[in-house]
Amino acid sequence: MLRSVLSVVVGVIVASVLILIVELVGHSMFPPPAGLDPNDPAFIANIPVSAKIAVVIAWFVGALGGGVVASVIAKRWAPSAWVVAGTVLLLAGVTMLQFPHPLWMMLGAVASTGIGGFLAIRITKGYYGRPFAGGPKPGL
């Protein structure tokens, strides 16, 4: 139980760091126009589409990387990766509530975090069911 909780906490931290790194790279490659005020309701509308795509990619990378780390720490228990992906989606939703985002970014948040979580489980060969103290069931 403790391992599962720890795996999610570490996975969310890793996901957050990955999202930060990818967004910093995206914003350095596609900077917003000078003098753009983040308190302006039209803030997101004035950001280049390429920067918005970088944010959706960041959500994917965060869900994937954090999910892989959580799954590995939890000895390949799949629900830990889903909790990390769900947390990334929740945090993306909070961001979208702060500023109006285009519909495609909202859909992209759901798709990117879902695909990231799914791939994390596939990469680590995660399993469902009870988390076992000694790791996954024999034969997995």
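The values are calculated or read from the model by the stated rules, or taken from the named source; none is laboratory data. Predicted model only: the values in this text are computed from it and were never measured. When we count neighbours, we look across all protein chains shown, and the Cβ atoms used for this are built from the backbone with ideal geometry, even at glycine.
Residue selection: residue 17 satisfies the criterion of being surrounded by fewer than 18 Cβ atoms within 10 Å (Cβ to Cβ) and assigned to a helix (DSSP H, G or I). Among the residues of the stretch 63-84, those that are in contact with a Gly (Cβ under 7 Å, 6 or more places away or on another chain), small (Gly, Ala, Ser) and closer than 12 Å to residue 19 by Cα comprise 63, 66. Take the conditions (1) at pLDDT below 95; (2) in a helix (DSSP H, G or I); (3) not hydrophobic (A, V, I, L, M, F, W, C); residue 87 misses just one of them, which is (1).
Hey, could you check the stretch 28-79 for residues that are in a loop (DSSP other than H, G, I, E, B) and under 30 Å from residue 4 (Cβ atoms) and say which is farthest from the chain's Cα centre (by Cα)?
Within the stretch 28-79, the subset in a loop (DSSP other than H, G, I, E, B) is 30-43, 47-48, 74-76.
Narrowing the set further to residues that are under 30 Å from residue 4 (Cβ atoms) leaves 74-76.
Numbers: 74: 18, 75: 20, 76: 18 Å.
Restricting to residues being in a loop (DSSP other than H, G, I, E, B) and under 30 Å from residue 4 (Cβ atoms), the top hit is 75.
Only one entry in 34, 45 is more than 30 Å from residue 125 (Cα to Cα), surrounded by fewer than 19 Cβ atoms within 10 Å (Cβ to Cβ), touching a residue at least 40 places away in the same chain (Cβ under 8 Å) and out of contact with any strand residue (DSSP E or B) (no Cβ under 8 Å at 6 or more places or on another chain), namely 45.
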